[in-house]
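The values are calculated or read from the model by the stated rules, or taken from the named source; none is laboratory data. Computed from a predicted model, the values in this text were never measured in an experiment. Here the Cβ is made from the backbone with ideal geometry for all residues, glycine too, and neighbour counts use every protein chain on show.
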């Protein structure tokens with residue numbers, strides 16, 4: 001994906017040096033709109049740093065990053081905060097606010113950023129929680145009373161509350177058992193299918209090959225701060241790159 | 001001789017490193033204060049969070065503050081009485097205890113109690129939110145975690161401490177009065193007349209001003225260490241500990257600095 005217009009996220013000559021170490025090295029690629037793209041790589045490859053750049057939480061040492069046609073370098077801190085409402089993010093451990101119930105967690109962004117009244121918020125939150133498979137009797141439970149899988153579902157419902165244009169998943173299946181992993185995979189795919197019509201782009205940061213191959217449209221392989229391969233998933237499995245082959249064989 | 005020199009150099013190096021480390025820490029805390037004043041007037045004003053913090057820091061500290069105040073006043077009455085009786089000025093027990101409480105004991109002890117109770121809680125809450133990515137979740141939503149978490153806590157602590165200190169002062173004086181008049185047999189009328197003669201509004205004002213600054217510094221330090229947490233649960237424990245230690249030390253240092261200013265402008 002080399003065209004600026006076609007890409008949801010367009011990265012050009014991005015270099016990041018943190019603590020004297022080059023974490024991302026002259027990175028250039030585009031993440032296509034309306035597709036599921038997975039950024040794959042070993043631990044320490046720079047995946048999380050790249051994620052922070054996409055969210056505008058980190059400033060690049062050099063180069064640029066455009067999201068939905070907006071160069072993040074040109075935005076002020078205040079504009080960036082506003083711009084981040086285009087994103088929804090499912091964190092590795094869901095990152096639910098532990099003092100709020102599942103319902104309050106999902107209602108949180110709606111209370112913060114919309115003019116909806118209490119009834120409208122209730123209707124939307126109920127819809128979102130039901131759509132990710134949470135039963136009504138768990139709506140008012142605290143995160144500590146929910147299982148890991150349920151927390152992920154609530155986290156996803158919260159991320160979708162503001163109808164994001166880009167949905168980010170940070171290591172969505174790390175540390176989960178096979179059944180919960182499958183549940184999360186299905187959840188990502190269903191979310192994609194439900195939102196594809198309104199043009200939502202999904203980006204997954206992972207080192208889980210199985211997940212990547214099952215649900216992705218495109219795969220970018222990151223190693224030592226460089227994209228060494230970026231292909232549609234069906235071509236990625238046949239990649240001749242030694243590192244990719246090694247990774248796929250794991 | 002060479003070994004001695006090396007040992008000396010090592011000590012100087014370590015002292016220098018420690019000094020630089022503490023100075024840079026102080027610089028970061030000052031920068032943190034500036035961030036507070038930057039975010040203070042920014043929209044939206046988080047009233048719900050503020051009320052919740054006022055309840056946590058203020059209401060939930062009431063019992064321990066009242067209890068500490070009562071016993072401090074009672075002990076002070078005893079100690080003062082047996083000292084003053086030697087020079088036959090035991091009728092001054094009331095004003096001496098009241099002045100000690102108003103100017104020093106109420107604000108400082110309330111500050112130390114709040115540093116131990118609420119300063120540590122702030123560091124632990126924010127720290128555990130940081131290690132579980134809840135702060136990142138706020139930032140990704142476009143909400144400043146600093147504005148959402150630090151600003152209401154700092155305002156609430158700055159407002160609560162003068163109130164808690166006033167309660168400490170009142171209960172302490174009640175305790176002193178009871179011990180003075182019931183156990184030490186000082187005449188109640190004399191107790192009150194001497195109190196009225198030697199105690200001024202400015203004395204109470206000094207304590208309240210100090211309390212306000214103590215509340216500010218305790219909450220700045222508590223939230224600062226919370227945001228600074230690294231390395232998971234162990235980091236949260238360390239931050240909580242540092243928040244208490246540095247909160248208490250700051251109260252004592254600030255007490256000296258404020259006293260040296262206030263005695264010049266507000267001496268009763």
Single match in B:183, B:137, B:150 (criterion: buried (at least 24 other Cβ atoms within 10 Å of the Cβ) and either within 14 Å of chain A (Cβ to nearest Cβ) or more than 27 Å from the chain's Cα centre (by Cα) (or both)): B:137
Tell me, please, whether a residue that is away from chain B (no Cβ under 14 Å), assigned to a loop (DSSP other than H, G, I, E, B) and under 23 Å from residue A:232 (Cα atoms) can be found in segment A:44-51. yes
Scan segment A:93-123 residue by residue and report those that are buried (at least 18 other Cβ atoms within 10 Å of the Cβ) and at the interface with chain B (Cβ under 7 Å from one of its Cβ atoms). A:93, A:95, A:109
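Tell me yes or no: at least one residue of segment A:95-113 is within 18 Å of the chain's Cα centre (by Cα) and part of a helix (DSSP H, G or I). Before you say what the answer is, go through the steps one by one.
Initially, segment A:95-113 is screened for residues within 18 Å of the chain's Cα centre (by Cα), giving A:95-96, A:106, A:109.
Keeping just the survivors that are part of a helix (DSSP H, G or I) gives A:106, A:109.
The answer is yes, given that some residue of segment A:95-113 is within 18 Å of the chain's Cα centre (by Cα) and part of a helix (DSSP H, G or I).
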State whether the residues of segment B:40-49 include one that is in contact with a helix residue (DSSP H, G or I) (Cβ under 8 Å, 6 or more places away or on another chain), surrounded by fewer than 19 Cβ atoms within 10 Å (Cβ to Cβ), away from chain A (no Cβ under 14 Å) and not in a helix (DSSP H, G or I). yes
Criterion violated by residue A:162 - all others in (1) touching a helix residue (DSSP H, G or I) at 6+ places or on another chain (Cβ under 9 Å); (2) free of Cβ contacts under 8 Å to residues at least 40 places away in the same chain; (3) part of a loop (DSSP other than H, G, I, E, B); (4) surrounded by fewer than 22 Cβ atoms within 10 Å (Cβ to Cβ) satisfied: (2)
Mind telling me which of the residues B:11, B:30 ends up being in a helix (DSSP H, G or I), surrounded by fewer than 16 Cβ atoms within 10 Å (Cβ to Cβ), within 18 Å of the chain's Cα centre (by Cα) and free of Cβ contacts under 8 Å to residues at least 12 places away in the same chain? B:30
What residue, of B:143, B:204, is at pLDDT below 95, in contact with a helix residue (DSSP H, G or I) (Cβ under 7 Å, 6 or more places away or on another chain) and within 14 Å of another protein chain (Cβ to nearest Cβ)? B:143
Select from segment A:64-85 the residues that are in contact with a strand residue (DSSP E or B) (Cβ under 6 Å, 6 or more places away or on another chain) and surrounded by 18 or more Cβ atoms within 10 Å (Cβ to Cβ) and write down the one among them that is farthest from the other protein chains (Cβ to nearest Cβ). A:66
